[in-house]
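*Asks:* Below is a structure I'd like to ask you about.
Where a number appears in this text, it was derived from the coordinates with a stated rule and is not lab data. Being a predicted model, the structure only gives us computed values, none of them experimental. Heads up, the Cβs are rebuilt from the backbone with ideal geometry, glycines too, and the neighbour counts pull from every protein chain shown.
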Amino acid sequence: EALDRIQALEPKLHSFLHVTAERALEQAREVDAKIAAGEEIGMLAGIPIGIKDNMCTKGIPTTCASRILENFVPPYESTVTQKLADADAVMVGKTNLDEFAMGGSTETSAYHLTANPWDLSRVPGGSSGGSAAAVAAEECVVSIGSDTGGSIRQPASFCGVVGMKPTYGLVSRYGLVAFASSLDQIGPFGRSVEDTAILLQAIAGHDPKDSTSLKVEIPNYAASLKPDLKAKGKLRIGIIKETFGEGLDSQVEQAVNKAIEQLQHLGAEIDVVSCPRFRYGLPSYYIIAPCEASANLARYDGVKYGLRAPDADNLLSMYTRTRATGFGAEVKRRIMIGTYALSAGYYDAFYLKAQKVRTLIKEDFENAFQQFDVLVCPTAPSTAFKAAEKTTDPLSMYLVDLMTIPVNLAGLPGLSVPCGFDNNGLPIGLQLISNVLREDQLFQVAYAYE
Ligand code: GLN
């Protein structure tokens, strides 16, 4: 059914870069065989799932939506996709993204645009736009994305689905193609909070292959979901003051305020909290992320992976020709910003300063969590915008992640849950943020609200 739906909708949506129909049917038959033989089946048995195309899948192309990885077929499997296969999930394909996950609309993909299922003339958000659109359009039941500065939560908000970024280190990054290693985190998309919680359960956990992976017990997230917040004693929810005001779409503001009222009815104690350094998140992120990206992307030299430009007469010209033709404009921009900010004389002024600001933002969150269990704000300042509306103005595109970026800088978990529609019928997202490793609280609040 999922494959039929994909075949019917892909000509309009383009959520996928590769549909892995044969492998999906093979996996599904294996599950059938297990059931027929009376064997135990995994927690995701037979569930069709989409995987963002920046996670390595053995024998299946992994392009990061970049020309430079056009011919790359990984010789190994990422930990997350291995865990999903072990849980008997059925991968239906690799989903579209902004090139190397750099962007907020999936428009920097070197291959094609993905449409927002609610309005085909609009973007699905990004960078995990393909994963969000595929779940929203029911091309698969759940999907996996990655979130460096908002790339799961913002497209979830634009496409009207649930998306969550776990605590940094909760999910292994082994086999996730690196963008900004200190910020990247893999997470789940679903049409319900419960589906999202179950999917996180399947992919979380310590992995010796990722040195930043946390050694912690994974709670049963789905088991503790309840219809209200009363049974838990008074849950304290803080509204982040700085996310309201100038730049916030008034219809988004209304929907978020209504959702907050609803949380109060459900039994939460609500008050306003100030995170005064929150607004420095965006400028520090756009130093730190490009710096890390410029180091990570140095590996695409025309030798080890994918594309090699022809007709080079020496090593240096092979590098430069390969990169000039293989990388798109946004990726080049990030490499240049990062290389500049890391160079001698500028390192202290830009990179070091940005890292100090990162610590201050973390402190704001720490202070807020002294008084509150969960923080709440809009996921994005607006609903989905029209395709091509922001592509000529990178700064306006960067502003889309104003409210999600601080969460990555602090390594915290964040979740976006749908909270209504604007007058154009476009979905609006509510962002919930909790303290480190309190994913359980995020799911509880989101579930009661949903
Ligand atoms: N839109 C942000 C960027 O372009 C975040 C991307 C992401 O989370 N992968 O860097």
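*Asks:* Count charges around Thr322 for me, please; just the other residues with Cβ under 13 Å from its Cβ, Lys/Arg as +1, Asp/Glu as -1. Show your work: numbers first, answer last.
*Replies:* On the way: positive: Arg67, Arg299, Lys304, Arg308, Arg321, Arg323, Lys332; negative: Glu70, Asp301, Asp311.
For residues surrounding Thr322, the net value is +4.
*Asks:* Classify region 341-389 from the C-alpha gyration tensor, please: rounded if a/c falls under 1.5, else prolate or oblate depending on whether a/b exceeds b/c.
*Replies:* It comes out oblate by the Cα gyration axes.
*Asks:* Ile152: net charge of surrounding residues, Cβ under 10 Å, Lys/Arg +1, Asp/Glu -1, itself excluded?
*Replies:* After counting each charged neighbour, the total is +2.
*Asks:* Using Cα centres only, tell me the gap between region 228-266 and region 416-445 in whole Å.
*Replies:* 10
*Asks:* For region 135-150, just list the computed ³J(HN,Hα) in residue order, Karplus coefficients 6.51, -1.76 and 1.60, θ = phi - 60°, integers in Hz, with x standing in for Gly and Pro.
*Replies:* 6, 4, 8, 6, 7, 8, 7, 9, 8, 10, x, 10, 9, 9, x, x
*Asks:* Also: Can you work out ³J(HN,Hα) from phi for every residue in region 271-279, in order, using Karplus 6.51 cos²θ - 1.76 cosθ + 1.60 and θ = phi - 60°, giving whole Hz and x for Gly and Pro?
*Replies:* 8, 8, 10, 9, 10, x, 9, 3, 5
*Asks:* Checking the a/c ratio against 1.5 first, then a/b against b/c, what shape does the Cα gyration tensor give for region 55-129?
*Replies:* The shape class here is oblate.
*Asks:* For the chain, give the share of DSSP beta bridges that are antiparallel, in percent and rounded to the nearest 5; count only bridges with both residues there.
*Replies:* About 65 percent, rounded to the nearest 5.
*Asks:* FRET efficiency for Arg29 and Asn423, Cβ-Cβ distance as r, R0 = 41 Å, nearest 0.05?
*Replies:* On the way: r = 47 Å, r/R0 = 1.14.
The pair Arg29/Asn423 has a calculated efficiency of 0.30.
*Asks:* Is the shape of region 364-450 rounded, prolate or oblate, going by the alpha carbon gyration tensor and its root eigenvalues a ≥ b ≥ c, with a/c under 1.5 for rounded and a/b larger than b/c for prolate?
*Replies:* In terms of gyration-tensor shape, oblate.
*Asks:* If you don't mind, there's one more thing I want to ask. When a footprinting reagent is the concern and you count Cβ atoms within 10 Å, what order do Ser131, Ser146, Ser416, Ser274 take, fewest first?
*Replies:* Going from sparsest to densest Cβ surroundings: Ser274, Ser146, Ser416, Ser131.
*Asks:* Within region 198-223, list the residues whose amide N lies under 17 Å from a label point set 7 Å along Cα→Cβ of Lys362.
*Replies:* 212-215
*Asks:* How are the C-alpha pair distances of the chain spread across 10 Å bins, as whole percents from the shortest bin up?
*Replies:* 5, 22, 33, 26, 11, 2, 0, 0
*Asks:* Separate question: Looking at this model, which pairs from Lys58/Lys362; Lys165/Lys234; Lys241/Lys332; Lys52/Lys304 are more than 28 angstrom apart at the alpha-carbon?
*Replies:* Check vs 28 Å cut-off fails for Lys58/Lys362; Lys241/Lys332.
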